[in-house]
1. Just to be sure before I move on: is Glu265 without any contact (Cβ under 8 Å) to a residue 12 or more places away in the chain and either closer than 25 Å to Lys138 by Cα or crowded, with 20+ Cβ neighbours inside 10 Å (or both) in the structure I sent?
2. Any residue in segment 218-225 that is open to solvent by 70 Å² or more (accessible area, probe 1.4 Å) and among the aromatic types (Phe, Trp, Tyr)?
3. I'd like the residue in segment 1-24 that is touching a residue at least 24 places away in the same chain (Cβ under 8 Å), over 26 Å from Glu256 (Cα atoms) and more than 17 Å from the chain's Cα centre (by Cα) and, out of all such residues, is farthest from ligand 2 (Cβ to nearest atom).
4. Please work out which one of (1) exposed (fewer than 15 other Cβ atoms within 10 Å of the Cβ); (2) over 24 Å from Val220 (Cα atoms) is the condition Arg131 fails and give its number.
5. Within the group Pro96, Pro101, which residue is assigned to a loop (DSSP other than H, G, I, E, B), within 14 Å of ligand 1 (Cβ to nearest atom) and in contact with a helix residue (DSSP H, G or I) (Cβ under 9 Å, 6 or more places away or on another chain)?
6. Please name all residue pairs, on different chains or six or more residues apart, with Cβ atoms under 6 Å, provided the first residue is in segment 35-54 and is away from ligand 2 (no atom under 16 Å from the Cβ) and assigned to a strand (DSSP E or B) and the second residue is among the aliphatic types (A, V, I, L, M) and open to solvent by 10 Å² or more (accessible area, probe 1.4 Å).
7. Against the definition (in contact (Cβ under 8 Å) with a residue 12 or more places away in the chain, touching a strand residue (DSSP E or B) at 6+ places or on another chain (Cβ under 7 Å) and within 12 Å of ligand 1 (Cβ to nearest atom)), how does Phe113 come out, yes or no?
8. Being more than 16 Å from ligand 1 (Cβ to nearest atom) and in contact with a Gly (Cβ under 8 Å, 6 or more places away or on another chain) is the filter here; which residues of segment 220-249 pass it?
Amino acid sequence: MEKLIITAALTGAEVTREQQPALPITPDEIAQAAYECWLAGASIVHVHARDEDGNPTQSYEVYKEIKEKIEAKCNVIFQPSTGGAVWHKPEERLQPVELSPEMATLSCGTSNFGSEVFMNPEAYMEKFALRMKELGVKPELEIFERGMIENAKRLVKKGLVEEPLHFDFVLGVPGAAPGNPEDLMFMTRAIPQGSTWTVAGIGRAQLPLSAMGILLGGHVRVGFEDNVYYKKGELATSNAQLVERVVRLAKELGRELATPDEAREILGLRR
Ligand code: KMH
Ligand code: ZN
């Protein structure tokens, strides 16, 4: 099996300090959390920026500041969000891609998202994919529902995304596919041969789906964006604590960890 790539989704757009007092919000806090996760064994950090009031922002400047602060500390792969918050306009969402990061997320379809709707019509996907292709940014294809895999394949057919593909199955979002083992299996069977995949279990699905990701030869995403608890009724103390648990699981299950450079190799990132 390939070495295991752990992604730490540090902040997200929806979680608040009220829900998770250790949520990193400022560029300094996000860079520090990225560094701690890298020390713990993560090779990618998935980043959402926040403004001075703690609200989600897709500002180029704020992402630039975060990227530079992370790069000053360690060589973890910086993966900004193009999902942003459900209310961000597509032009805003695309801004961090202009930093030419090695990779960025690309959501592959529209779904309910709690009581909101996360809009990703074909025109957005194509626009985002084209700009990523122009800048040599590897898309991580965010999959919330089975049909989104077909949307990703359509982007390949149109020449907007190049194989091998890298998917992130985000399972357990209220309003989209549930975080059950069967759903993960269903998704993994539907992707083109030669693709890589990560699983991001939401809430209580995070731990069991992480274990499955390790066992099935996929990769794993954890962090406050997806889950603020260590276990039922007990908040996690940091993003790194969640990464550390995956590292221990991987060790027990005999799966070696990928360093950021090994992850770059596995994912075929631009050097
Ligand atoms: N915050 C969600 C609406 C991504 O980062 O690419 C979208 C999201 C996906 O988090
Ligand atoms: Zn995200």
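1. yes
2. From segment 218-225, those open to solvent by 70 Å² or more (accessible area, probe 1.4 Å) are none; that's our starting set.
For segment 218-225, residues open to solvent by 70 Å² or more (accessible area, probe 1.4 Å) and among the aromatic types (Phe, Trp, Tyr): absent.
3. The selected residue is Pro21.
4. (1)
5. Matching residue, one of Pro96, Pro101: Pro101.
6. Taking only residues 6 or more apart or on different chains, not a single pair turns up.
7. Working: in contact (Cβ under 8 Å) with a residue 12 or more places away in the chain: yes; touching a strand residue (DSSP E or B) at 6+ places or on another chain (Cβ under 7 Å): no; within 12 Å of ligand 1 (Cβ to nearest atom): yes.
For Phe113, the condition - in contact (Cβ under 8 Å) with a residue 12 or more places away in the chain, touching a strand residue (DSSP E or B) at 6+ places or on another chain (Cβ under 7 Å) and within 12 Å of ligand 1 (Cβ to nearest atom) - is not met.
8. Going through segment 220-249, the residues more than 16 Å from ligand 1 (Cβ to nearest atom) turn out to be 220, 229-238, 240-249.
Once the filter is applied, which keeps residues that are more than 16 Å from ligand 1 (Cβ to nearest atom) and in contact with a Gly (Cβ under 8 Å, 6 or more places away or on another chain), segment 220-249 yields Val220, Tyr229, Leu242, Val243, Glu244, Val246, Val247.
The values are calculated or read from the model by the stated rules, or taken from the named source; none is laboratory data. Here the structure is a predicted model, which is why all the values come from computation and not from measurement. Cβ coordinates were reconstructed from backbone atoms using ideal geometry, including for glycine residues, and neighbour counts include every protein chain displayed. For accessibility, only protein heavy atoms count, side chains too; no ligands or nucleic acids. Shrake-Rupley method; radii C 1.70, N 1.55, O 1.52, S 1.80 Å.
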